[in-house]
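Asks: Take this structure, written in structure tokens, and hold onto it; I'll ask about it next.
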Amino acid sequence: MCFGFFISQRRRGAGAVGANNHSPKKGSAWRLAMLEKARRGRRALPRAYALLCVMALAGVAVAEEAAEMKEELVPIKFGYAKPVFVSGSMAIKGTQNLEPHREGRPYPPILVPKGCDQLLSRECKVTSSNLFPIRGKLSMVTDGIKDDYLQDFEYWFWYTRLVLGEGLYWIQIDLGEQNEIYAVCVWHAIRLAVFKDVVVLISDDPDFVDGVVTVFNNDLDNTVGFGKGKDFEYLETNEGRPIPANGTKGRYVRCYSNGPYNRGGNMYVQVEVFGRK
């Protein structure tokens, strides 16, 4: 009995020693720490989830806005003049920076926000550095007639273009008030020609001294005085020369030219200005 009692006591003692290695006090503190971490984690998860939801919704909103803006872009419809067929070579002697041949392809469309494709220049007042044009009237530049001539009956016809003569001249369109201008389209002639020193400017100043924005310039040697241009010289066609203006604000549009390379003086069949009032 004594021996059995001794063994039993040893076993109990061993159990007590093992219990001391993980005392109730120490185990409780550890469990409490773990519970506190879990509670913090549970609180952090909803916050992180909410943040992710906000970011996702913001991304969707931005994507929808971008898609909506993309959908609202519309091409400006310039319209073509009646084509004039010419014979002979298409080579123009003297050109220095002629744009690559487009092989009958039209110019890329000019896309603008919806509502910014309005024709602003119809019947607007036109002035010029040449007070006495050789042929035509200044009002022809904005009368809406793009054809080079009009024919009445079989043999009678009359030209609808303004001819200013040889040398450097400008014509200027007064839109009446400041507008957001998104494009200008120029028809110098509806025939085989390349005009020199073509510069198109926009400003609120009628004298073009202050606040002048250049939207096109193929003046290679600063003849006009607004710096050397980086745009190509181009071959005149019935589609005119569309020029992006990117919403430039201004009341006046001024177009310079220095005559064609082949022959004749400065001329304008039509100039159209598009944008939003």
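Asks: So, of the residues in region 79-126 that are of a type in the set (S, T, N, Q) and modelled with pLDDT of 95 or more, which turns out to be nearest to Val186 (Cα to Cα)? Give the derivation first.
Replies: Within region 79-126, the subset of a type in the set (S, T, N, Q) is 87, 89, 95-97, 118, 121.
Going one step further and asking which of them are modelled with pLDDT of 95 or more, we end up with 118, 121.
Working: Gln118: 16, Ser121: 12 Å.
Per the stated criteria, the residue is Ser121.
Residue-by-condition table, conditions (1) under 23 Å from Arg102 (Cβ atoms); (2) not β-branched (Val, Ile, Thr):
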| position | (1), (2) |
| --- | --- |
| Lys228 | no, yes |
| Tyr234 | yes, yes |
| Val253 | no, no |
| Gly265 | no, yes |
| Val271 | yes, no |
| Lys277 | no, yes |
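Asks: If you take the residues in region 244-277 that are within 21 Å of the chain's Cα centre (by Cα) and surrounded by fewer than 19 Cβ atoms within 10 Å (Cβ to Cβ), which one is nearest to Ser129 (Cα to Cα)?
Replies: Within region 244-277, the match that is nearest to Ser129 (Cα to Cα) is Arg251.
Asks: Okay, next question. Among the residues of region 214-239, write down those that are closer than 23 Å to Ile134 by Cα, modelled with pLDDT under 95 and not hydroxyl-bearing (Ser, Thr, Tyr).
Replies: Glu236, Asn238, listed by residue number.
Asks: Another one. So if I check each of Gly211, Gly240, Gly264, Gly227, which one is touching a Lys or Arg at 6+ places or on another chain (Cβ under 8 Å) and on the phi > 0 side of the Ramachandran plot?
Replies: Values: Gly211 fails: touching a Lys or Arg at 6+ places or on another chain (Cβ under 8 Å); Gly264 fails: touching a Lys or Arg at 6+ places or on another chain (Cβ under 8 Å); Gly227 fails: touching a Lys or Arg at 6+ places or on another chain (Cβ under 8 Å).
Going through Gly211, Gly240, Gly264, Gly227 in turn, just one is touching a Lys or Arg at 6+ places or on another chain (Cβ under 8 Å) and on the phi > 0 side of the Ramachandran plot: Gly240.
Asks: Sort through Glu72, Glu65 and tell me the only one that's surrounded by 10 or more Cβ atoms within 10 Å (Cβ to Cβ), more than 21 Å from Phe195 (Cβ to Cβ) and modelled with pLDDT under 70.
Replies: Matching residue, one of Glu72, Glu65: Glu65.
The values are calculated or read from the model by the stated rules, or taken from the named source; none is laboratory data. Every value quoted in this text rests on a predicted model; they were computed, and no experiment measured them. With ideal geometry, Cβ positions are generated from the backbone for all residues, glycine too; neighbour counts draw on all protein chains shown.
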